[in-house]
Amino acid sequence: MHFEGKGHLSPQTNGSSLSTLPRDLLAGTVVFLVALPLCLGIALASDAPLFSGLVAGFIGGIVVGLASGSHSAVSGPAAGLTAVVAAQIASLGSFEAFLLAVVLAGLIQIGLGLARAGILAAFFPSSVIKGLLAAIGIIIILKQIPHLFGWDQDPEGEMRFFQPDKENTFTEIVRMVETSGADVSTTIIGLLSLAFLIVWDRIPRLKKSLIPAPLLVVIIAVGLVKLFEWLGGHWKIEQIHLVTVPVAGSFDEFLGFFRSPDWSHWNNPAVYLAAVTIAAVASLETLLNLEAVDKLDPQQRNSPASRELIAQGIGNTTAGLLGGIPITAVVIRGSVNVNAGAKTKASAVFHGFLLLGCVALLPAILNLIPLAALAAILLATGFKLASMTLFKQMWRGGRYQFLPFVLTVVAIVLTDLLIGVILGLAIAAGFILWSNARRPIARILEKHLGGEVIHIELANQVSFLNRAALSRVLDDVPRGGHVLIDARNTNYIDPDVLDLIRDFQNKTAPARGVEFSLIGFQDRYSMQDRVQYMDYSTRELQEAVTPGQVLQILVEGNERFRTNRPLSRNIGQMVKATAISQHPLAVVLGCIDSRTPAEMIFDVGVGDIFVTRVAGNVTSRKILGSIEYACAVAGAKLIIVLGHTRCGAVSAAVDLTCAGKTAAETTGCDNIDELITDIQQSIDRDVCLSVPSQPADQKESFVNDVARQNVLRSVELVRSESMALDQLIRNGRVAIVGMMYNVSTGEIEILTNGTDSPTPSVNS
């Protein structure tokens with residue numbers, strides 16, 4: 001059987017080992033102590049036999065723990081299911097009929113797991129998951145405060161703010177104060193336990209010790225119970241303030257606590273409806289809690305969600321057969337497990353065996369544990385789940401993170417887990433809808449050679465939710481304008497959106513004189529690429545622009561390159577259009593360095609510029625001949641000498657000058673000498689002598705200065721060694737500009753501006 005691969009870990013971490021077993025056993029003990037009263041309380045709140053909660057507890061630990069792929073989650077009866085369980089028991093008329101529904105619910109969950117329904121967990125926003133954690137923490141704090149002071153009147157398992165008896169969490173606390181219901185002995189135990197946990201957590205050496213503080217708290221609390229019993233009088237703690245486990249007089253009596261399903265109800269439609277309801281609610285709660293507990297895992301391991309559904313299904317089927325109430329993964333148990341230092345799922349399994357063994361063999365000892373001590377353990381866990389650090393983190397994440405988070409917290413605290421999560425998901429979905437309605441697409445104003453184009457980039461998935469926003473963007477296209485809809489990164493487009501695009505193309509655009517272009521639409525949409533705007537240099541454009549305008553075009557292209565916003569071009573169209581003739585706007589004399597591709601640096605297309613490249617961007621008769629052809633024959637309006645930072649040729653020239661050697665002597669390459677000699681004309685030899693002793697950053701600065709001087713020298717040589725180019729420049733038909741390109745930032749720096757326009761504003 002195959003489950004999600006992300007849940008499979010290496011053999012070293014996939015199960016318990018001798019090195020992690022002590023920590024797992026201690027963590028399992030702590031979880032057992034916390035789970036015991038919760039099992040009883042949740043059964044009581046569900047109107048089910050108390051023993052059914054214990055059955056669900058040890059099955060959740062043993063059966064689900066062994067079948068699960070999670071290392072941190074712990075399963076058992078869940079407070080979020082109490083209302084569902086109570087309602088179904090009442091509607092079916094008997095607990096045994098309800099057990100049949102639990103068996104069927106487990107089989108449904110197994111089917112969901114085999115169908116890979118666990119993928120649904122990936123669709124829960126992190127803000128909702130973190131809101132769930134924080135809300136559980138707040139609920140734990142509010143619900144455990146009365147127990148800390150010995151007020152044990154309400155069922156332990158009732159985790160909702162508003163309770164069935166019309167009371168709420170605060171009225172419990174108020175009534176405790178008004179009636180002086182706090183018990184002195186249990187209050188002492190509760191406050192001492194909480195203080196012990198706080199101090200322990202503040203001392204790093206104790207916090208990292210192998211013995212978990214909660215276990216010590218329970219041991220000390222039991223000792224105090226015996227002490228107060230010895231003191232007698234009002235110091236003695238009554239049984240209402242202690243854990244209550246059913247005690248069997250014999251093994252047969254213990255077996256009698258188990259119940260079996262009533263199979264005679266197999267043809268009752270209400271049983272199947274109850275099974276579907278239990279399976280749906282339990283699966284949803286499991287997926288939510290599994291995701292939440294994974295976020296608490298210090299090792300950040302991912303649990304296979306579909307495998308977890310199968311494990312829960314096996315657990316619920318077993319629980320129904322043995323008389324247990326439904327099981328889910330539970331945040332409270334999981335968070336206690338993580339905080340107690342659990343390393344593998346052995347802790348969950350061990351906690352299940354402890355529940356089974358102690359309930360069967362040691363109920364009298366368990367009944368000595370004060371609820372106040374367990375309340376202190378849960379309070380410490382609650383404060384960790386609902387920490388101010390988490391609230392500050394979500395606040396810094398912006399309103400799209402914080403509002404769903406805080407509203408999920410409020411909804412869960414004031415209602416219950418499932419209602420709160422559903423409201424949180426609805427709020428998060430509302431933000432998604434609102435965001436899609438406002439900014440679902442990217443709208444970029446591009447300046448192509450043929451004019452301005454409104455470039456609309458469609459998202460990967462374009463649903464009907466995007467229709468209104470796209471309609472507004474298209475309505476804003478001015479009369480006589482040009483719009484390009486780009487679907488190159490889009491995998492799906494809703495039919496309603498396609499109809500909108502076709503209507504605009506066939507009706508609205510012609511009526512408004514709007515040029516309409518399409519690119520990247522998949523064949524199944526029957527919309528062919530159609531690029532209407534000019535995206536390459538033509539003879540008419542070349543003749544119309546001035547050298548200054550060409551410089552401005554190239555500077556704007558570099559800004560697009562530097563900010564990673566290149567123009568959208570139809571390369572095929574450019575290749576066809578320039579196949580017969582070419583009319584470039586400029587000629588670039590650049591270096592052969594692989595980091596300085598001029599076409600990319602200036603974001604130009606096919607046929608827009610001539611490029612001649614030579615190491616160190618030096619001149620020669622052949623280079624000058626190429627530039628003369630570009631300007632005098634082909635009509636280019638601008639000459640750019642493009643140097644760059646960290647130039648290898650310039651650095652070599654500096655090193656050889658400082659060493660007093662030639663390139664041929666050093667490399668054995670005779671032809672390099674001519675290049676190096678040209679570059680060395682730009683070096684101040686007196687300054688160069690001190691370069692070897694300078695720090696690396698100062699040497700790099702010197703090399704870059706030499707590269708600048710080399711560019712300026714090449715600009716002068718172009719004019720002084722070519723009468724034809726000098727005459728074109730004097731007549732204003734051509735301009736020459738020196739530039740430096742920064743290989744680290746992608747920016748250009750204009751060193752000389754020989755055009756008829758002011759130097760364009762560039763980053764330098």
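The values are calculated or read from the model by the stated rules, or taken from the named source; none is laboratory data. Note that the structure is predicted; figures quoted are calculated from it, not measured. Please note: Cβ atoms are built from the backbone with ideal geometry, for glycine as well, and neighbour counts cover all protein chains shown. Ligands, DNA and RNA are excluded from the accessible area calculation, which covers all protein heavy atoms including side chains. Shrake-Rupley method; radii C 1.70, N 1.55, O 1.52, S 1.80 Å.
Pairs please, first residue from region 318-331 and at positive phi, second anywhere and outside any loop (DSSP other than H, G, I, E, B) and among the hydrophobic types (A, V, I, L, M, F, W, C), Cβ atoms under 9 Å, 6+ apart in sequence or on different chains.
Matching pairs, first to second residue: GLY323/PHE51; GLY323/VAL55; GLY323/PHE95; GLY323/LEU99.
Among the listed residues PHE58, PHE98, which satisfies the condition of being open to solvent by less than 30 Å² (accessible area, probe 1.4 Å), closer than 21 Å to ILE332 by Cβ, in contact (Cβ under 8 Å) with a residue 60 or more places away in the chain and part of a helix (DSSP H, G or I)?
Result: PHE58 is the single residue among PHE58, PHE98 that is open to solvent by less than 30 Å² (accessible area, probe 1.4 Å), closer than 21 Å to ILE332 by Cβ, in contact (Cβ under 8 Å) with a residue 60 or more places away in the chain and part of a helix (DSSP H, G or I).
Have a look at PHE162, PHE124, PHE196 and point out the one that is of a type in the set (Phe, Trp, Tyr) and at pLDDT 80 or above.
Criteria check complete, one pass: PHE196.
Is at least one residue of region 567-579 touching a residue at least 12 places away in the same chain (Cβ under 8 Å), touching a Pro at 6+ places or on another chain (Cβ under 9 Å), over 30 Å from ILE750 (Cβ atoms) and not acidic (Asp, Glu)?
No; the residues of region 567-579 include none that is touching a residue at least 12 places away in the same chain (Cβ under 8 Å), touching a Pro at 6+ places or on another chain (Cβ under 9 Å), over 30 Å from ILE750 (Cβ atoms) and not acidic (Asp, Glu).
Looking at (1) at negative phi; (2) out of contact with any Asp or Glu (no Cβ under 9 Å at 6 or more places or on another chain), which one does GLY660 not meet, given that it meets all the others?
(1) is the only condition that GLY660 fails.
Looking at ALA35, ALA45, can you tell me which residue is under 23 Å from THR317 (Cα atoms), open to solvent by 10 Å² or more (accessible area, probe 1.4 Å) and at pLDDT below 85?
Values: ALA35 fails: open to solvent by 10 Å² or more (accessible area, probe 1.4 Å).
The conditions single out ALA45.
From the list THR619, THR596, THR612, which residue is out of contact with any Pro (no Cβ under 9 Å at 6 or more places or on another chain) and in a strand (DSSP E or B)?
Selected residue: THR612, the only one of THR619, THR596, THR612 that is out of contact with any Pro (no Cβ under 9 Å at 6 or more places or on another chain) and in a strand (DSSP E or B).
Of all the residues that make up region 62-95, how many are within 31 Å of the chain's Cα centre (by Cα), assigned to a helix (DSSP H, G or I) and over 26 Å from TRP263 (Cβ atoms)?
Within region 62-95, residues that are within 31 Å of the chain's Cα centre (by Cα), assigned to a helix (DSSP H, G or I) and over 26 Å from TRP263 (Cβ atoms) number 4.
With open to solvent by 20 Å² or more (accessible area, probe 1.4 Å), of a type in the set (A, V, I, L, M, F, W, C) and in contact (Cβ under 8 Å) with a residue 12 or more places away in the chain as the only criterion, which of ALA649, ALA659, ALA636, ALA630 stands out?
Of ALA649, ALA659, ALA636, ALA630, the one residue that is open to solvent by 20 Å² or more (accessible area, probe 1.4 Å), of a type in the set (A, V, I, L, M, F, W, C) and in contact (Cβ under 8 Å) with a residue 12 or more places away in the chain is ALA649.
Please determine, by comparing only the residues of region 392-416 that are assigned to a helix (DSSP H, G or I) and among the polar types (S, T, N, Q), which one is nearest to the chain's Cα centre (by Cα).
GLN401
Within the set of pairs 6 or more residues apart or between chains, which connect a residue that is within 11 Å of VAL654 (Cβ to Cβ) inside region 684-712 to a residue that is among the β-branched types (Val, Ile, Thr) and part of a loop (DSSP other than H, G, I, E, B) with Cβ atoms less than 6 Å apart?
ASN704/THR645; VAL706/ILE683
Conditions (1) among the aliphatic types (A, V, I, L, M); (2) open to solvent by 70 Å² or more (accessible area, probe 1.4 Å); (3) under 26 Å from the mean Cα position of the chain (by Cα), marked per residue:
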residue: GLY451; (1), (2), (3): no, no, no
residue: LEU458; (1), (2), (3): yes, no, yes
residue: ALA487; (1), (2), (3): yes, no, yes
residue: THR490; (1), (2), (3): no, no, yes
residue: LEU498; (1), (2), (3): yes, no, no
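Among what's in region 500-526 and is open to solvent by 70 Å² or more (accessible area, probe 1.4 Å) and not in a helix (DSSP H, G or I), pick the residue that is farthest from ILE571 (Cα to Cα).
SER526
Before we move on, is ALA67 at pLDDT 85 or above, under 20 Å from LEU321 (Cβ atoms), among the small types (Gly, Ala, Ser) and surrounded by fewer than 24 Cβ atoms within 10 Å (Cβ to Cβ)?
yes
Can you give me the number of residues within region 553-563 that are over 16 Å from MET740 (Cα atoms) and either touching a residue at least 24 places away in the same chain (Cβ under 8 Å) or open to solvent by less than 30 Å² (accessible area, probe 1.4 Å) (or both)?
2
Please work out which residue is surrounded by the fewest Cβ atoms within 10 Å (Cβ to Cβ), limiting yourself to region 564-592 and to residues that are of a type in the set (A, V, I, L, M, F, W, C) and part of a helix (DSSP H, G or I).
ILE571
Among the candidates VAL276, VAL293, which residue alone is β-branched (Val, Ile, Thr) and closer than 30 Å to PRO370 by Cα?
Answer to the selection: VAL293.
I'm trying to understand the selection: among the residues of region 114-126, which are surrounded by fewer than 24 Cβ atoms within 10 Å (Cβ to Cβ) and not aliphatic (A, V, I, L, M)?
ARG116, PHE123, PHE124, PRO125, SER126
Go through region 360-377 and give me each residue that's surrounded by fewer than 24 Cβ atoms within 10 Å (Cβ to Cβ) and assigned to a helix (DSSP H, G or I).
Residues satisfying the conditions are ALA360, LEU361, PRO363, ALA364, ILE365, LEU366.
In contact (Cβ under 8 Å) with a residue 40 or more places away in the chain, closer than 19 Å to SER193 by Cα and in a loop (DSSP other than H, G, I, E, B) - does that describe any residue in region 378-391?
No; the residues of region 378-391 include none that is in contact (Cβ under 8 Å) with a residue 40 or more places away in the chain, closer than 19 Å to SER193 by Cα and in a loop (DSSP other than H, G, I, E, B).
Could you identify the single residue in VAL687, VAL737, VAL641, VAL715 that is in contact with a helix residue (DSSP H, G or I) (Cβ under 9 Å, 6 or more places away or on another chain), in a helix (DSSP H, G or I) and either at pLDDT below 85 or open to solvent by less than 50 Å² (accessible area, probe 1.4 Å) (or both)?
Sole residue among the options that is in contact with a helix residue (DSSP H, G or I) (Cβ under 9 Å, 6 or more places away or on another chain), in a helix (DSSP H, G or I) and either at pLDDT below 85 or open to solvent by less than 50 Å² (accessible area, probe 1.4 Å) (or both): VAL687.
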